[in-house]
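Working notes, beginning with the structure itself.
The values are calculated or read from the model by the stated rules, or taken from the named source; none is laboratory data. If you're wondering where the values come from, they're calculated on a predicted model, not measured in any experiment. Backbone-built Cβ (ideal geometry, glycine too); neighbour counts: all protein chains shown.
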Amino acid sequence: MAPRAPTRIRAAEARARAARIRLVLADCDGVLTDTGVYYSETGELMKRFSIRDGMGVERLRHAGIESGIISGERSPSIARRAEKLAIPHLLLGAKDKRSAVEALCARHGLRLAELAYIGDDVNDLEVLDAVGAEGLTGAPLDAVPEVASRVHHRGAVPAGQGALRDFAEWILALRR
């Protein structure tokens, strides 16, 4: 698949979209983690998360914006991190992320225009395109080219190094 032209919106449009954001959703592996995972003979042992992303969640919360994590995996490490950060929306085992996000919106009376989504790989493309039509989208610095070419904000830091915080700060700056 050939990369699409980067998704560009005018500054005024980005500010208008940021003003209506009520929920920021993040993919886990490749956004909140550096894509690495430690395994033993009994399975997954641990993933590494950045404390900076935790502060990003807190800053969003302070601004009245909820956070959520979506992953195709059913990882206890992700559930523990979401619990630690008091993240109210956790979607694990979401193989069809777009459908999972649409179901979440239906349950909570949200429109896609009220969402921001950060992802890094091809399994995020459908939800990035759906949210990006009216909401805001982002990717870590090291996202795959197919993703990096179609988001509104390409972060300044790689996955697992505060990519969610970078995205959160961009949204918060647009709201000022």
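Structural remarks
- Filter result for E73 (in a loop (DSSP other than H, G, I, E, B), within 16 Å of the chain's Cα centre (by Cα) and either surrounded by 13 or more Cβ atoms within 10 Å (Cβ to Cβ) or among the aromatic types (F, W, Y) (or both)): yes
- The listed residue being within 12 Å of the chain's Cα centre (by Cα), under 18 Å from I9 (Cβ atoms) and of a type in the set (G, A, S), out of A163, A116: A116
- Hits in the range 118-140 - residues which are among the charged types (D, E, K, R) and surrounded by fewer than 24 Cβ atoms within 10 Å (Cβ to Cβ): D121, E126, D129, E134
- From the options A143, A168, residue that is under 13 Å from the mean Cα position of the chain (by Cα), at pLDDT 95 or above, crowded, with 22+ Cβ neighbours inside 10 Å and part of a loop (DSSP other than H, G, I, E, B): A143
- Among the residues of the range 38-70, those identified as farther than 30 Å from R20 by Cβ and either surrounded by fewer than 16 Cβ atoms within 10 Å (Cβ to Cβ) or among the hydroxyl-bearing types (S, T, Y) (or both) are Y38, Y39, S40, E41, T42, G43, E44, L45, M46, R48.
- A Cβ distance below 8 Å, combined with a sequence gap of six or more or placement on separate chains, defines the contacts here; from the range 70-85, residues that are farther than 12 Å from D29 by Cβ reach residues that are in a helix (DSSP H, G or I) in the pairs K84/G54; L85/G54; L85/V57; L85/E58.
- Listing of strands (runs of 3 or more DSSP E) fully contained in the range 13-55 that carry 3 or more residues being out of contact with any helix residue (DSSP H, G or I) (no Cβ under 6 Å at 6 or more places or on another chain): 38-40, 43-46
- For the range 96-117, a residue qualifies if it is surrounded by 15 or more Cβ atoms within 10 Å (Cβ to Cβ) and touching a strand residue (DSSP E or B) at 6+ places or on another chain (Cβ under 9 Å), and the qualifying residues are K97, A100, V101, L104, C105, L110, E114, L115, A116, Y117.
- For the residues L90, L104, the requirement of being farther than 14 Å from F167 by Cα and either modelled with pLDDT under 95 or part of a strand (DSSP E or B) (or both) singles out L90.
- Looking across the range 148-165, just one residue is part of a helix (DSSP H, G or I), in contact with a strand residue (DSSP E or B) (Cβ under 6 Å, 6 or more places away or on another chain) and buried (at least 22 other Cβ atoms within 10 Å of the Cβ), and that is L164.
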